[in-house]
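The values are calculated or read from the model by the stated rules, or taken from the named source; none is laboratory data. Everything quoted here is computed from the prediction, not taken from an experiment. Ideal geometry is used to build each Cβ from the backbone, glycine not excepted, and the neighbour counts take in all protein chains shown.
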Amino acid sequence: MTKTVNDGILSRAANKTLPADEELIARFQNGDVYAYEQLVRRYKEPLLNFVYRFIGDLVEAEDIVQDTFYRVYKNKHYYKEVAKFSTWIYTIASNLAKTELRRRRRRRFFSIHRDTQNEKEVELPDLEKNPEVEANTIVTEKIIQKAIGNLPPKFRQVIVLRDVQGFSYEEISSIIKVPLGTVKSRVNRARLRLQQDLGFLLNDLDDVSN
Amino acid sequence: MGDCDKLNEHISAYLEKTLDPATRAEFEQALQKSPELKNTTDRVSQLTSLLGKLPTQKCPDDFVVNLRQRISSTPASKPGEWNMRRYSFAFSVVLVALVAVFGIKSLLKKDEAAPVLPTVDEFQTAPASVPGGAVNTPVSDYSTEDQLDIKTRAESQIVKDSLDLIKQDQNNSPAKQVGHTSK
């Protein structure tokens, strides 16, 4: 498994015929809807993974990513080439995700039901191939996602952007509009917190690999 | 460097090889001396590797189709709709700012009493030599200190200057008489 955003960037760099994001958005601003669809295909999965890791709900993450692209469509003229397109679209997605988290906190406060999440049914992998490995992977992933979900939103956001999505500190600083030093500090603190919560898992994995 | 928390702050920078050489050397010394720091650093390294390998979720197959439907089903916004919203927002901001400015101004006016600058007439005293009933009462040369009720030095200077100007005008005009008041 590889970091989704960097993979996309590397493959575009390798294939020089693929247009850059900024070229696509410029074409879209001039009325080329096909350019817009190319951007959608390019960013739908990286954004989905970012939002899913951030809010912990796949169904809601899909809605948020749809909303993000819808806003890009409706507000295309707001994009100026001062910033990278990826920064712009991730900022939109990030803000929508934060709004959803705030809405959930209010809902949880007022709701008599504790469990308000709609969990999408995850397709189980074929366990006949290598049942132990696959099962372990699923369990590990769930445990890690739960630990990420337990982080405060400001730590969660940066750790997902940095370690899951592969953004640089400068890009993260532009996306979340926070100074560079603060981003680095939050990433470090998020990592320290996670390694504490996942200590047992990391020790097990260490034992397995040794 | 000696404090555990301080050392922990450097873990990410150490793993990402962005520590300056001096700090890096100190950190490495601390790693050798502290098994706890080494354990934490190893775990953070393992964790970042694990996070980068998390399985990626796939979008549903109909994602793009649904998006197209949503875009085509939403009515296009009226030409002036966004502009109207922006203008009304800007208008309300300006209104609030004006109310704030006037509010502050009126508060300030209550605090400071308007300086009562004496008019030229207040300084006029009828000299004995001028016959009564004269239409133009000449401005006399007088000492301002006795007659002014001025609060600040700046205000008194302004009045003094204006009186000097008046005096100069009169001196330049030979037809007018200048009387003297007695103290």
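Worth pointing out:
- Positions within the range A:149-182 being β-branched (Val, Ile, Thr) and within 18 Å of residue A:46 (Cα to Cα), in sequence order: A:158, A:159, A:160, A:164, A:172, A:175, A:176
- The range A:51-73 residues that are facing chain B (nearest Cβ under 7 Å) and within 15 Å of residue B:69 (Cα to Cα), paired with ones that are in a helix (DSSP H, G or I) and of a type in the set (S, T, N, Q) (beta carbon under 7 Å, 6 or more apart): A:66/B:66
- The residue of the range B:55-83 that is surrounded by the most Cβ atoms within 10 Å (Cβ to Cβ), among those that are among the acidic types (Asp, Glu) and at pLDDT 90 or above, is B:62.
- Test result for residue A:168, surrounded by 15 or more Cβ atoms within 10 Å (Cβ to Cβ), more than 9 Å from chain B (Cβ to nearest Cβ) and polar (S, T, N, Q): no
- Within the range A:13-38, the set of residues being under 25 Å from residue A:160 (Cα atoms), at pLDDT 50 or above and either touching a strand residue (DSSP E or B) at 6+ places or on another chain (Cβ under 8 Å) or away from chain B (no Cβ under 14 Å) (or both) comprises A:20, A:21, A:22.
- The lone exception for residue B:26 - which of (1) modelled with pLDDT of 90 or more; (2) more than 30 Å from residue A:203 (Cβ to Cβ); (3) more than 9 Å from chain A (Cβ to nearest Cβ) it fails: (2)
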